[in-house]
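The values are calculated or read from the model by the stated rules, or taken from the named source; none is laboratory data. Not measured: the values here are computed from a predicted model. Here Cβ is always computed from backbone atoms with ideal geometry, including for glycine, and neighbour counts include all displayed protein chains. When the accessible area is computed, the model is the full protein with side chains, heavy atoms only, and any ligands, DNA or RNA have been set aside. Shrake-Rupley method; radii C 1.70, N 1.55, O 1.52, S 1.80 Å.
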Amino acid sequence: MQADKKTGFVGAGNMATALIKGLIESGVYPPDRLVASDKDRGKLKRLQSEYGIKGADSNAEMIRECSIVLLCVKPQNMRELLKEIKEVIHKDHLIISIAAGIPLGMIGGVLGPGLPLIRVMPNTPVQVGEGVSIWTAARGVSQSQREMVRAMLAALGREVYVADERYIDMATAVSGSGPAYIFLIVEALIDAAVRIGLPQE
């Protein structure tokens, strides 16, 4: 699938970086169709330099340029962000949140009713095309928008749609955080192997 609309990322942290890397390397999005904004200019410059995407000077500038907006900020910063961008968000935007623990009702409650809202819980293996993304959609999301999201997430690994939003929180504990525990076990096995004499390589 070749993107015909610009997609923007509010936030240039680890998960936004993983998603951007996965989307570009899967061929779903060329770099010139992706835009990011972040208060941390250092993070933004690294993202621009590494992946060739555009960096916006502000969240508002990025949102005006894009029709798909991914909210990739920490959960504790979400309400402040929503208040900030409320005036530039309109019903032609598709809003996708990857913030853990933030329900669609809270996002819609701040931004206003009737907006097409998607909630996704991806995990870090999306950057190598082996991720698992659990997602759900609010009533205002059209069938074509759902298919667009499905294609985007499928390019990053496995996508699983759930009609009941409660399952997103359950998945956060399992597939969202699960890989970190496996990485820790693998790291411990490597350390143990080195300790008994195996070469690091």
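Would you pull out the residues with amide H under 5 Å of VAL132's amide H, same chain only if 5 or more places away, H placed 1.01 Å from N? Under 5 Å from the amide H of VAL132 lie the amide H atoms of ASN123, VAL126, ARG158, each far enough along the sequence or on another chain. At full extension, ARG150 and ALA193 could sit 11.4 nm farther apart than now, given 0.36 nm per residue minus the alpha carbon distance. The fraction of accessible area contributed by carbon and sulfur in the chain is 54 percent, rounded to a whole number (1.4 Å probe; ligands and nucleic acids excluded). Take the stretch 1-134 with all the other protein chains still there, run a 1.4 Å probe, and you get 44 Å² of accessible area per residue.
Each residue of the stretch 124-199 gets 78 Å³ once the volume of the Cα convex hull is shared out per residue. Taking 7 Å steps out from each Cα toward its Cβ at VAL110 and GLU201 produces label points 5.1 nm apart. Dipole magnitude for the chain: about 400 debye, using +1 per Lys or Arg Cβ and -1 per Asp or Glu Cβ, origin at the Cα centre.
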